[in-house]
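Here's the structure we're looking at; comments come further down.
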Amino acid sequence: MKLFSILSQWLFPEKCVLCGRLLEKEELDLCRKCRVEAPECGLSRAKYPFLDSWTAVWYYQDMVRGSILRYKFYGRRNYAAAYARLLGVKLMKEDRLQVDVITWVPISQKRLKKRGFDQCRLLAEALSKETGIPAVALLRKTRDNPPQSGIVGHAHRKANVLGVYEAVDPSALLGRRILLLDDILTTGATAGECARVLLTAGAEAVHLAVMAAVNQQKKTGR
């Protein structure tokens, strides 16, 4: 096993998930430069409907945007473990792990077949390994609606996801505190709709965690 590990490291050396540079022996997931310069998302007072709280590791810009796009659309599934470690640290620092179960925003069967994997499910399963909190599919997507990224305006985004998700097993939700995972938080329309469905089915609270959030202050110029 040790020989296999050495060979694997030689053939597939660990790289920074943001800039792609080879990592030094003492580095994990991020190189020193990115660990310092990545646009870290601080605590925010922004509120989103149906969500008790939310947190993000970074702002969705520059190298972070490139990293998440590589993960979602270019098959960098290995990023899931690194993302989970980074998200786990953030959640622990903010004391956001007082939940009963981890779930995720699911993709449609059509998109799953095209992409080959559900990026949020991978992240949830990796975070479960890091935290010991079970990851369970509590939601399913009932139809393949147009991607939110191509829709402008919160009202239109909200309409696009209305009725798209349903609870898999409402009896498993009663009184549960849920940590809902997604990759990006933009207007909160998708996460809010998922949270609404979970709460309607009996969940006690829904907390959102994402890898990156759009910087609304920068976006609006405030």
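Assorted remarks:
- Among residues of the range 1-24, those that are at pLDDT 50 or above and out of contact with any Cys (no Cβ under 7 Å at 6 or more places or on another chain), counted: 8
- Checking each residue in the range 165-182 for being assigned to a loop (DSSP other than H, G, I, E, B) and surrounded by 19 or more Cβ atoms within 10 Å (Cβ to Cβ) picks out LEU173, ARG176.
- Residue check for LEU69: in contact (Cβ under 8 Å) with a residue 40 or more places away in the chain and closer than 30 Å to LYS33 by Cα: no
- Residue within the range 60-74 that is small (Gly, Ala, Ser), touching a helix residue (DSSP H, G or I) at 6+ places or on another chain (Cβ under 6 Å) and assigned to a helix (DSSP H, G or I) present: no
- Among residues of the range 183-195 being of a type outside the set (Gly, Ala, Ser) and surrounded by fewer than 24 Cβ atoms within 10 Å (Cβ to Cβ), the one that is nearest to ALA212 (Cα to Cα) is ILE184.
- Any hit, the range 184-191, residues being farther than 21 Å from SER53 by Cα and not β-branched (Val, Ile, Thr): no
- Given (1) touching a helix residue (DSSP H, G or I) at 6+ places or on another chain (Cβ under 7 Å); (2) more than 21 Å from TRP58 (Cβ to Cβ), index of the condition GLU130 fails: (2)
- Evaluation of SER108 against the conditions (1) touching a strand residue (DSSP E or B) at 6+ places or on another chain (Cβ under 7 Å); (2) closer than 16 Å to ILE68 by Cβ; (3) modelled with pLDDT under 90; (4) not hydrophobic (A, V, I, L, M, F, W, C) shows that the sole unmet condition is (2).
- Residue in the range 39-96 that is most open to solvent (accessible area, probe 1.4 Å), counting only those that are over 15 Å from the mean Cα position of the chain (by Cα) and of a type in the set (Phe, Trp, Tyr): TYR74
- Of the criteria (1) small (Gly, Ala, Ser); (2) on the phi > 0 side of the Ramachandran plot; (3) at pLDDT 95 or above, which one GLY116 fails: (3)
- Whether a residue is out of contact with any Gly (no Cβ under 8 Å at 6 or more places or on another chain), surrounded by 14 or more Cβ atoms within 10 Å (Cβ to Cβ) and not polar (S, T, N, Q) was assessed, and GLU24 does not pass this test.
The values are calculated or read from the model by the stated rules, or taken from the named source; none is laboratory data. The shown structure was predicted, so the numbers you read here are calculated from the model rather than taken from an experiment. For neighbour counting, all protein chains shown are included, and Cβ atoms are generated from backbone atoms with ideal geometry for every residue, glycine included. All accessible areas refer to the heavy atoms of the entire protein, side chains included, with ligands and DNA or RNA removed. Shrake-Rupley method; radii C 1.70, N 1.55, O 1.52, S 1.80 Å.
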